Amino acid sequence: MWPKIKKYLSNLNGIDNDIYITLTEKNDYLENEIKISFPNVIIWIVPNKGYDIGPFFYFLKKIDLNKYDYILKLHSKNENRYCITKVNGLHLTREMWNNLLYKSLLGSSKIIKQNLKAMDTDPGIGMIGSRYLITNSHRYYKEHEKTIKQILSKLNLPNTPISFVAGTMFLIRSRILKPLLDAGYDINSFSTSDSSIHEGTLAHTMERVFGVLTTAQKYRICGFDNYKFIKLNSIFHKFLRFIFQKKISQNNCLTIKILRIPIYHKKIS
C-alpha cells in the first residue's frame, strides 16, 4: 500500500509535521523508498502485535505528546474488493472503506487545512474521521462494552456513550491521548496479529476506546467529508453481495454464496 499512502501523505506539504512509520520487519528496499519521499521520516521496526493498535501504543511511548497539537493516525488496511461490510447502513467493500478513511483526512491539501481549521477554531472538537464511519451502533461494540468500561475506570474517566471511527484512522488532539500513557499498556500488552481473527482481542477493544476516550473528556467526534455517490455505490455493492458473497468467518471457515445460497463451505488453515 505504500504508493497509495505516499500519495496521501504528500498532501501534507506546507504543513508542519513529523512522520513516524512502523514496520513489522526489516525491509531495506521499502525503507529507502519511504526516505526518498520523506527524508526526515522516523522508521521503527516493531513486533507484529495488536494489528495497527499495538504499534500505535509503541509510538505513544516513544514520542513526547507535548510537542504536538494533533496526532494523525493512519495504517495500511486490507483492500479486498470481494469482502463487503455493512457500516452505518452502507454496504462497503474494504477498498471503499479504506478510501473513505484516507480521503476524509488526507484527500487533498484543502481537506487537511479544513480539518485543522475546524480543530483550531472549535475547541470542542476532539477527533475527526470520516462522517460515514463514525458509529455509536451497539452491534459494533456490544462484545467490547464490559472491557471498555473497565478501561475507562482504570483511566479515572466517567462512563460515556460509546462512539468511535470504524477503521481507526483519525485526527485527534494529542492531549486526549495522555491518559493512555500511564495506563500500563504497551505493544507487548497485545497478542500477535492474526488476520483470521476479526474481533474479540484487546486491539479490537482499543479501537473503540480511542473514540470513548474523546467523548469521556467532553470532546466531540466530527466528520466533514461529503461524497455524493457513496450511497449509490453502497446500493450497487449490496446488489453484488446478493449475487455473489465470499466470506471468511471468525473461526476461519470460508463460505461462498450465490444468490445467498451456500455452494461452498470449508475450514481453511
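Worth a mention:
- Helix runs (DSSP H) in the chain reaching 15 Å along axis by Cα, Kyte-Doolittle at least -0.5: 94-106, 202-216, 230-243
- Positive-end residue of Leu157, His138, Trp2, charge dipole of the chain with Cβ unit charges: His138
- Lys, Arg +1 and Asp, Glu -1 on Cβ, resulting dipole of the range 127-189 about Cα centre, debye, nearest 20: 200
- Reference-scaled alpha-carbon Rg (2.2 N^0.38 Å with N residues) for the range 157-196: 1.48
- For the pair Glu31 and Asp194, a Förster radius of 30 Å applied to the C-beta separation gives a FRET efficiency near 0.75, rounded to the nearest 0.05.
- Cα-based shape type of the range 11-86, given that a ≥ b ≥ c are square roots of the gyration tensor eigenvalues and the cut on a/c is 1.5: rounded
- With a simple spin-label model that places each label point 7 Å from the Cα along the Cα-to-Cβ direction, the separation between Glu95 and Tyr264 comes to 2.0 nm.
- For the chain, the dipole from Cβ point charges (+1 on Lys and Arg, -1 on Asp and Glu) about the Cα centre works out to 1120 debye, to the nearest 20.
- Residue-count net charge about Leu152 - beta-carbon cut-off 13 Å; Lys, Arg +1, Asp, Glu -1: +3
- Hz values of 3J(HN,Hα) by residue in the range 159-176 - Karplus curve (6.51, -1.76, 1.60), Gly and Pro given as x: 4, 8, x, 8, 9, 6, 8, 5, x, 6, 10, 6, 9, 9, 5, 4, 5, 5
- Net length gained if the chain between Arg220 and Thr121 were fully extended (0.36 nm per residue, minus Cα distance): 34.3 nm
- In the range 1-77, taking the dipole from charged Cβ atoms about the Cα centre, the farthest positive-side position among Asn40, His75, Asn27 is held by His75.
- Annotation: amide H of Cys83 within the under-5 Å range of Arg94, sequence separation 5 or more or interchain, hydrogens built in the peptide plane.
- Over 27 Å between alpha carbons, listed pairs Lys103/Lys257; Lys49/Lys267; Lys110/Lys178: Lys103/Lys257; Lys110/Lys178
- Each Lys or Arg adds one and each Asp or Glu takes one away; over the other residues whose Cβ falls under 12 Å from the Cβ of Asn188, this sums to +1.
- Net charge of the neighbourhood of Asp18, taken over other residues with C-beta under 13 Å away and scored Lys/Arg +1, Asp/Glu -1, is -1.
- Longest stretch of the chain clear of exposed loop sites (GluC sites (Glu not before Pro), DSSP loop, at most 14 other Cβ atoms within 10 Å, sites excluded): 26-142.
- Fewest-first ranking of Tyr219, Tyr132, Tyr29, Tyr68, using other Cβ atoms within 10 Å as the exposure measure: Tyr29, Tyr68, Tyr219, Tyr132
- Theoretical FRET efficiency, 1/(1+(r/R0)^6), r = Cβ-Cβ of Tyr20 and Gln114, R0 35 Å, to 0.05: 0.90
- Lys, Arg +1 and Asp, Glu -1 on Cβ, resulting dipole of the range 88-204 about Cα centre, debye, nearest 20: 400
Rule-based calculations on the coordinates, nothing more; no lab input. Every value quoted in this text rests on a predicted model; they were computed, and no experiment measured them. Note that each Cβ is placed from the backbone with ideal geometry, even for glycine, and that neighbours are counted across all protein chains shown.
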